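*Asks:* Below is the structure I would like to discuss, written out as structure tokens.
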């Protein structure tokens, strides 16, 4: 072993001290190992996430006849690139299409109404659960979480019977009320945790200046809670956008009121639907979520981590 590897020069106390070079070399090997593991994991999960998306987009631009000839080819060539699959998906059934343009409009209306209703009720309910003291407040807070102990399937039959007797099926109103009741508990829970992180002193100072409760909520709470509000709004939108079971129960009788989840199910269950058309439908219903996420991604990142640490 070389002298450079075992440097035993005496220390100030007179005792020999081995150099730390072997340990540093060992640490560098560990660091290289975990660096390789980290990048391998990143590449692995990136392939899992990106490869299905590439297949979906690539096949959606290929003609069905060409796909039968070369099923192993994912991306279309310049000569076979076509958008007829998207045109067929979006056209109305009377024009030989699948009517996805109307389905997207219905889903946007239902999802947007669910977001507005969830935030309108959730913001005030979460503020009341955080700032106001009333009898039974602890029971209400626990009950918010207990709702999620029961799967939605348990309530499907009672809700179906109830809304049928009320004459609210098929209708968007019944579906929006169901989506509101299913998303509201989590909306209140997330907003409540965020409101707790806002200092009470800000409200007390505003109250000393003569601000009313409504003015405090509008001018202080809502601007500070914008990341959390965007986060729960995005969650409510996604929950209503791709929900299938209740949409099937309450809208299946009226095809003109179908949502995108029912439309995709129609494409998938129809044996005569080409794979390229099915992929085009999947791309179309994904685009609104991608756009919404791209616009709100900064607020989503802030909202998902806000309120996670207590002072």
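Condition check ((1) more than 23 Å from residue 228 (Cα to Cα); (2) within 19 Å of the chain's Cα centre (by Cα); (3) modelled with pLDDT of 90 or more; (4) crowded, with 16+ Cβ neighbours inside 10 Å) across all residues:
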site	(1), (2), (3), (4)
106	yes, no, yes, yes
115	no, yes, yes, yes
127	no, no, no, yes
135	yes, no, no, no
138	no, no, no, no
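*Asks:* Considering every residue within the range 68-76, establish whether at least one is part of a helix (DSSP H, G or I) and modelled with pLDDT under 90.
*Replies:* Looking only at the range 68-76, we keep the residues that are part of a helix (DSSP H, G or I), and these are 68-69.
Still in the running and modelled with pLDDT under 90: 68-69.
Yes, that holds for at least one residue.
Per-residue answers, yes or no, for (1) surrounded by 11 or more Cβ atoms within 10 Å (Cβ to Cβ); (2) out of contact with any strand residue (DSSP E or B) (no Cβ under 9 Å at 6 or more places or on another chain); (3) under 17 Å from residue 278 (Cβ atoms); (4) modelled with pLDDT of 80 or more:
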position	(1), (2), (3), (4)
6	yes, yes, no, no
13	no, yes, no, no
22	yes, yes, no, no
27	yes, yes, no, no
44	no, yes, no, yes
51	yes, yes, no, yes
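*Asks:* Also: If you check residue 277 against the conditions, is it surrounded by 15 or more Cβ atoms within 10 Å (Cβ to Cβ), modelled with pLDDT of 85 or more and within 18 Å of residue 90 (Cα to Cα)?
*Replies:* Taking the combined requirement at face value, the residue satisfies it.
*Asks:* Could you pull out the residue among 152, 199 that is exposed (fewer than 15 other Cβ atoms within 10 Å of the Cβ) and touching a residue at least 12 places away in the same chain (Cβ under 8 Å)?
*Replies:* 152
*Asks:* For residue 268, only one of the following conditions fails: (1) at pLDDT below 85; (2) more than 23 Å from residue 153 (Cα to Cα); (3) surrounded by fewer than 19 Cβ atoms within 10 Å (Cβ to Cβ). What is its number?
*Replies:* (2)
*Asks:* Now, a different point. Could you list all residues from the range 172-191 that are farther than 28 Å from residue 256 by Cα and buried (at least 21 other Cβ atoms within 10 Å of the Cβ)?
*Replies:* Matches in the range 172-191: 187, 188, 190, 191.
The values are calculated or read from the model by the stated rules, or taken from the named source; none is laboratory data. Please read all numbers here as calculations on a predicted model, not as lab measurements. No Cβ is skipped: glycine too gets one built from the backbone with ideal geometry, and neighbour counts run over all protein chains shown.
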